[in-house]
Amino acid sequence: MRDEQIGTQLRALRTATGRTVASVAADAGLSVPYIANLENGRGNPTLRALSSLASALGTELRIELGPAQGTPTAPVPKELARLSRSRRFRATVATAAEGLGRDPQQFAARLLGAASMLAPVLGRDLTEPDWWRLLDAILLISAIPATGVE
């Protein structure tokens, strides 16, 4: 979540309850300028500060880690998870990401999410050689895109 989103949520919660920045600051044990900066998308709040603000606003702090927006979700098969820790996988993903102009870590996460959905579609677990064939095809496509020749 970006700083601006945190600030927007804080302001919305505060105004929805008819509270002032000063009253929330007093209840949370934080300064008025600190909260004002957070509401305006500035600052770098600690988890402790966010927890205090949530408590002062009568809500709870929830933290989630999840896939990047647009990334499909499915459990990562054991073989694919093992393969993803290999040096060869990291090198393959880095090369493919470079060919596509993408960040390697984000590309790897999205690739694992999408690849994880293949086993259920195919109706069977894929083996390590299957996963490598798939990764080789992705590498080929990223390095040498088709040119519309049929």
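Quick notes
- Looking across segment 101-150 at every residue that is β-branched (Val, Ile, Thr) and in a helix (DSSP H, G or I), the one that is surrounded by the fewest Cβ atoms within 10 Å (Cβ to Cβ) is identified as VAL121.
- Filtered by the rule that a residue be closer than 11 Å to LEU53 by Cβ and β-branched (Val, Ile, Thr), segment 6-20 gives a lone residue, ILE6.
- The C-beta contact set for segment 3-30 (first residue in a helix (DSSP H, G or I), second residue surrounded by 17 or more Cβ atoms within 10 Å (Cβ to Cβ) and polar (S, T, N, Q), distance under 6 angstrom, 6+ apart or interchain) comprises ALA28/SER52.
- Residues being in contact (Cβ under 8 Å) with a residue 24 or more places away in the chain, over 17 Å from the mean Cα position of the chain (by Cα) and more than 14 Å from VAL76 (Cβ to Cβ) - total across segment 102-127: 1
- Residues that are basic (Lys, Arg) and in a loop (DSSP other than H, G, I, E, B), drawn from segment 31-62: ARG42, ARG62
- Considering (1) closer than 17 Å to GLU4 by Cβ; (2) of a type in the set (Gly, Ala, Ser); (3) touching a helix residue (DSSP H, G or I) at 6+ places or on another chain (Cβ under 6 Å), the lone condition that ALA22 does not fulfil carries the number (1).
Read the figures in this text as sums done on the coordinates, not as results from a lab. Values in this document were obtained by computation on a predicted structure and should not be read as measured data. Because the Cβ atoms are built from the backbone with ideal geometry, glycine has one as well, and the counts that use them run over all protein chains shown.
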